[in-house]
Amino acid sequence: SVQPGSVSIETKFPPKPTWGLFDRSGTVEYTIVVPQTASISRLESGNGEVLVEGMRGQTLHAQLERGRILARSCFSNAVFSLGHGTLTMTYGWWEPGKFSIQANVADGAVLAFLPGAAAFHLIAETPRGKIANDFVERARRDAEEASRVDTLIHGGGDAVIKLQAKEGNIEVVRTNP
C-alpha cells in the first residue's frame with residue numbers, strides 16, 4: 001500500500017498443510033529504493049536480511065527479529081534493532097557531521113568497520129560478552145577485556161556511535177589505517 005509519505009508491504013505466506021510432508025521453503029525479496037535524504041521512520045521485518053545503504057535523511061529506524069542487518073555508509077540519526085543475529089555497519093569513508101548511530105542487538109554480534117581517520121564518540125556495552133576496539137593502542141587492547149567502552153576517537157567530532165549487545169560480542173574494526 002502506498003500513501004503520501006509512506007509505503008507498507010505485508011507478505012502473507014500460504015498456510016501450513018495440516019497433514020503430509022510438504023515443503024514451504026523459499027524466499028521473498030524486496031528491493032526498495034528511496035532518495036538518500038529520505039527519513040525512514042519504521043522499517044520492520046520478521047526474519048531475513050535488511051540492507052540499508054547511503055542514507056542521509058533526518059531519521060532511520062530499522063528493526064529485524066532474526067537475521068542480519070547491514071548498514072553501509074549511513075550518515076543519519078539511525079537506530080538499528082535486532083533480536084537475534086548479526087548487525088554489521090561499514091563505512092568506506094567518513095563524512096564529518098552531527099549524527100548518531102545506535103545499534104541494539106539482544107542476542108548476537110555487533111560489528112563496526114570504521115575508517116581510521118574517523119572522529120566520533122564511541123559508547124559500547126555488552127553485559128555478557130566482550131568488546132574488541134581497534135581504535136585503542138595495541139598494548140591496551142591486548143591487556144584489557146572490556147564489557148563497556150566510553151571514549152572519544154580522534155577528539156570525538158560531532159558523531160556518536162552507541163553499540164549494545166545484551167548477549168554477544170562487539171567488534172570495532174579500524175579500516176584504512
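A Cβ distance below 6 Å, combined with a sequence gap of six or more or placement on separate chains, defines the contacts here; from segment 165-177, residues that are under 22 Å from TRP93 (Cβ atoms) reach residues that are crowded, with 17+ Cβ neighbours inside 10 Å and modelled with pLDDT of 95 or more in the pairs GLU171/LEU111; VAL172/ALA112; VAL173/PHE113; THR175/PHE113. Of the strands (runs of 3 or more DSSP E) entirely within segment 1-110, those holding at least 3 residues that are at pLDDT 95 or above and open to solvent by less than 50 Å² (accessible area, probe 1.4 Å) occupy 59-72, 77-90.
The values are calculated or read from the model by the stated rules, or taken from the named source; none is laboratory data. The model shown is predicted, which means the values in this text are computed figures rather than measured ones. Cβ sites come from the backbone with ideal geometry, for glycine too, and all protein chains shown count toward neighbours. For the accessible areas, the whole protein counts, side chains as well, though only heavy atoms, and no ligand, DNA or RNA atoms are used. Shrake-Rupley method; radii C 1.70, N 1.55, O 1.52, S 1.80 Å.
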